[in-house]
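The values are calculated or read from the model by the stated rules, or taken from the named source; none is laboratory data. Everything numeric in this text was worked out from a predicted model, so none of it was measured. Every residue, glycine as well, gets a Cβ built from its backbone with ideal geometry; the counts of neighbours run over all protein chains shown.
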């Protein structure tokens, strides 16, 4: 019995090996009516049939636009100006800014005491007056970078810049001097 089973199995495998599991050949799309109607151009065929179908069943092809959400210009921080007609101003002006920087640079970590450095930082003031996204442009000593970023992040609200009477986001470049 086992011998017949193995003989049958070997014959079946031999037959399958000869046929190679090939699917039956089809002359599609050449035998298709639409293919011959459009002269073999599949793109033209699809476009033509899509157009006919959309005319026959327009309800399938209606595209309803989603209502556009109103984007508040206050929250829109995609446009940031380099210069504005009226630049952002720190509370109490230049004097207040110098005092804030002096107070922020007075308390530095023990490892930085006695070192001198100038760090130029660029950030923007948004329409709400917040100092955002500080980036170090130039520095004498990289160990002061984190201290400078923390100084900018902790700033009080500025009065925002204005362009044509409207509050705008505006860049500020600021030198911060340590140990001087």
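Observations on the structure shown:
- Flag if residue 156 is modelled with pLDDT of 90 or more and assigned to a strand (DSSP E or B): no
- Every condition in (1) part of a loop (DSSP other than H, G, I, E, B); (2) modelled with pLDDT of 70 or more; (3) surrounded by fewer than 11 Cβ atoms within 10 Å (Cβ to Cβ) holds for residue 84 except the one numbered (3).
- Among the residues of region 150-166, the one identified as within 25 Å of the chain's Cα centre (by Cα) and buried (at least 17 other Cβ atoms within 10 Å of the Cβ) is 152.
- Total residues in region 102-118, condition part of a helix (DSSP H, G or I) and either surrounded by 13 or more Cβ atoms within 10 Å (Cβ to Cβ) or at pLDDT below 80 (or both): 6
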